[in-house]
Amino acid sequence: MLQLLLPLFVLQNSEPISRNISSKLSCTDAPLTFPTNVQDSDREMILDQLGYVPENLVSVSARRGTGSPLALKTYSLNGGGARRKRKALGDMTPFPTLYWFCCPIVSKAISDLEREGYVRILEDRLEEDESILANFIKSHEGYALERWNSLLPQHQEYLQKSDRMTEMVKYSGIAGTDFKSFAPNNDNHDRDRASIKCLHAHYAHYRSQLENDDCDYPLNIIGEWTHEILSEKNPDLIL
């Protein structure tokens, strides 16, 4: 579940459209540099929404009907808020959340669904139809591949020095899910029950898929169902 964190910092830059973020790696001599594409006005709104601007921000990946940011695409290193930063080992700490939910208004509505038991309800729906579950697995696979491919080669090489870091960034699914554990197989008695974990993560992914013309894997069905339920329960909420 998304938690809004206390302010950490504000990134300041006079260039309104794109720039590179550079900072010293804790483990290599090369700077952690990656392209970003974020308007200054969006940075101000993100600061207002989260209380900080993510240091690994790449772009606004989805917007509400109001035009304000709904979800952010992040670089899969050196991410998270103040609490996570205190535990991080340096700029090269893996951050497996590719799409980060940032809108507190819609977040509250999703949190209400979680409190009402919709995580379990939607897990039950997944279990009712193996073809839907199989497509859900493909969404996880696509997410993991997209996240890995978004990294620069030198950062992939660094992460592959550790099996744990490779597993986290290259192979884990949406919300860090071990989706292989519940993938349909020839003997479904041997697989785990489908797991969702966090509706915020799935909705951020789904909405980002809708706004990404290059997305070439199945839409996140949990995010789609979440959108339908949000629309039904909150007809006046602009999603």
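The values are calculated or read from the model by the stated rules, or taken from the named source; none is laboratory data. Here the structure is a predicted model, which is why all the values come from computation and not from measurement. Backbone-built Cβ (ideal geometry, glycine too); neighbour counts: all protein chains shown.
Here are the numbers for the structure shown:
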| read-out | value |
| --- | --- |
| Arg193 being of a type outside the set (S, T, N, Q) and under 29 Å from Pro69 (Cβ atoms) | no |
| Pro184 vs. criteria touching a residue at least 40 places away in the same chain (Cβ under 8 Å) and not assigned by TED's automatic domain parsing to the domain that holds His205 | no |
| Qualifying residue in the stretch 72-86 (condition: small (Gly, Ala, Ser) and either touching a strand residue (DSSP E or B) at 6+ places or on another chain (Cβ under 7 Å) or at pLDDT 95 or above (or both)) | yes |
| Filtered residue count, the stretch 139-155, keeping only those that are surrounded by 15 or more Cβ atoms within 10 Å (Cβ to Cβ), more than 16 Å from the chain's Cα centre (by Cα) and assigned to a helix (DSSP H, G or I) | 1 |
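Condition check ((1) touching a Lys or Arg at 6+ places or on another chain (Cβ under 8 Å); (2) at pLDDT 95 or above; (3) on the phi > 0 side of the Ramachandran plot; (4) surrounded by fewer than 19 Cβ atoms within 10 Å (Cβ to Cβ)) across all residues:
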site: Leu159; (1), (2), (3), (4): yes, no, no, no
site: Glu167; (1), (2), (3), (4): no, no, no, yes
site: Asp190; (1), (2), (3), (4): no, no, no, yes
site: Arg193; (1), (2), (3), (4): no, no, no, yes
site: Ile196; (1), (2), (3), (4): no, yes, no, no
site: Asp214; (1), (2), (3), (4): no, no, no, yes
site: Asn220; (1), (2), (3), (4): no, yes, no, no
site: Ile229; (1), (2), (3), (4): no, yes, no, yes
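Here is a yes/no grid of residues against (1) modelled with pLDDT under 50; (2) over 25 Å from Ser162 (Cα atoms):
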residue: Leu5; (1), (2): yes, yes
residue: Phe9; (1), (2): yes, yes
residue: Glu15; (1), (2): yes, yes
residue: Cys27; (1), (2): yes, no
residue: Trp100; (1), (2): no, no
